[in-house]
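In what follows, a single structure is set out as structure tokens and then discussed.
None of the figures in this text is laboratory data; all of them are computed from the coordinates on show. Because the structure is a prediction, the values reported are computed rather than measured. Glycine also receives a Cβ, built like all others from the backbone with ideal geometry; neighbour counts cover every protein chain displayed.
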Amino acid sequence: MIQQPLTFEKQITKSIHLNYLLALPRAYTADEMKRFPFILSLHGVGERGNDLEKLKLHGLPQFLQTQDDFPFIVIAPQCPTDSDWSIEMDALGALLEESKRSYRIDQSRVYLTGLSMGGRGALQLAALQPEQFAALVPICPSRPEILKRPERVAQLKSIPMWFFHGAQDPVIPVDQSIQLVDELRALGAPVQLTIYPDAEHNAWQRTYANPKLYAWLLKQKREYL
């Protein structure tokens, strides 16, 4: 029986729906010409759903609840209930592009962070679109499938990264961060790792409350030709 080599091609449109929290610096309305550094923040598995109030229970949105002002534009999207950030890469990419169009974002200072499932999602998104980000802050992440390929790990080597993990984490062992950081360092990547000796899975609490993190972020700037 003859088997013919053929090609099927068709353009399709994908519908994307993501709810998100938006936080703007106080100066955003005072100076309509100024552009601001931007953080895209990805939550963990427990905050999936369609209730944005859940995002304020943990992570950066929880920290922002205690702040009168914050020098970054922050967008924290919510992953749908039965999904995972690894499935939502197209949606996150589209949200990032729409955010750049809709808000006065300094495109040389776009930062990405995430905790647990969000840390894994942040690593995956950065590996897929490394040119987008001036810095990456994964907190207690597991390694995404895409970073099991050495060539994909190499995609991250130009991004400044600061990993955080609890040494006593019973959910995602700290070895996951240690191994990936070692691989990145071997490539010459500008990466650092903070391990909290007494912390379990909630390493994000002290991380997002640490002013040194934000001072470090503001020093990271991506140059564009």
When the charge dipole of region 19-219 is computed with +1 on Lys and Arg Cβ and -1 on Asp and Glu Cβ about the Cα centre, the Cα farthest towards its positive end, among 110, 85, 59, belongs to 110
How would 89, 161 line up from fewest to most surrounding beta-carbon atoms within 10 angstrom?
89, 161
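Would you mind calculating the gained length between residue 182 and residue 131 on full extension (0.36 nm times residue separation, minus the Cα-Cα distance), in nm to one decimal? Write down the numbers at each step before the final one.
Numbers: separation 51, 0.36 × 51 = 18.36 nm, distance 2.21 nm.
Going from the current span to full extension adds 16.2 nm.
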Please work out the C-alpha center-to-center distance from region 126-171 to region 172-221 and express it in whole Å.
10
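Net charge near residue 117: determine it from the other residues with C-beta under 14 Å of the C-beta of residue 117, scoring Lys and Arg +1 and Asp and Glu -1.
Details: positive: 48, 54, 120, 143; negative: 47, 82, 84, 88, 145, 169.
Result for the local shell: -2.
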Taking only Cα atoms and a 10 Å spring cutoff, compute GNM fluctuations for the chain and point out the largest among 91, 134, 215.
215
Summed residue charge, Cβ within 11 Å of residue 80's Cβ, Lys/Arg positive, Asp/Glu negative:
-2
Derived scalar couplings ³J(HN,Hα) [region 68-85; Karplus, 6.51 cos²θ - 1.76 cosθ + 1.60; whole Hz; x for Gly, Pro]
6, 8, 7, x, 10, 6, 10, 10, 10, x, 10, 6, x, 3, 9, 10, 8, 4
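Sorted from fewest to most neighbouring beta carbons within 10 Å, what does the list 21, 115, 57 look like?
On the way: 21 18, 115 31, 57 13.
Ranking 21, 115, 57 by Cβ neighbours within 10 Å, fewest first, gives 57, 21, 115.
Just from its helices, what would the mean residue ellipticity at 222 nm be for the chain, if runs of 4 or more DSSP H residues each count -39500 (n - 2.57) and the sum is divided by every residue, rounded to the nearest 500 deg cm²/dmol?
Numbers: 8 runs with 66 residues, N = 225.
Per the formula, -8000 deg cm²/dmol.
Please report, in debye to the nearest 20, how large the charge dipole of the chain is about its Cα centre when each Lys and Arg carries +1 at its beta carbon and each Asp and Glu carries -1 there. Write down the numbers at each step before the final one.
On the way: 24 positive and 25 negative charges, 113 e Å.
My answer is approximately 540 debye.
For residue 216 and residue 148, FRET efficiency with R0 = 30 Å and r from the beta-carbon atoms, rounded to 0.05? Intermediate values should be presented prior to the final figure.
Values: r = 28 Å, r/R0 = 0.94.
My answer for the efficiency is 0.60.
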Net charge (Lys, Arg +1; Asp, Glu -1) of residues whose beta-carbon lies under 10 Å from that of residue 54, residue 54 excluded, is -1
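Express the relative contact order of region 45-114 as a whole percentage, based on alpha carbon pairs under 8 Å and six or more residues apart in sequence. List each step's numbers first, then the result.
Working: 33 pairs, mean separation 22.3, N = 70.
Rounded, it is 32 percent for region 45-114.
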Based on alpha-carbon atoms only, what is the radius of gyration of region 19-219 relative to the globular estimate 2.2 N^0.38 Å?
0.96
Nonlocal Lys pairs with alpha-carbon distance under 20 Å, region 19-219 (8 or more apart, or different chains)
4
Report the residue, chosen from 27, 209, 167, that carries the largest GNM mean-square fluctuation when the chain is represented by alpha-carbon nodes joined by springs under 10 Å.
27
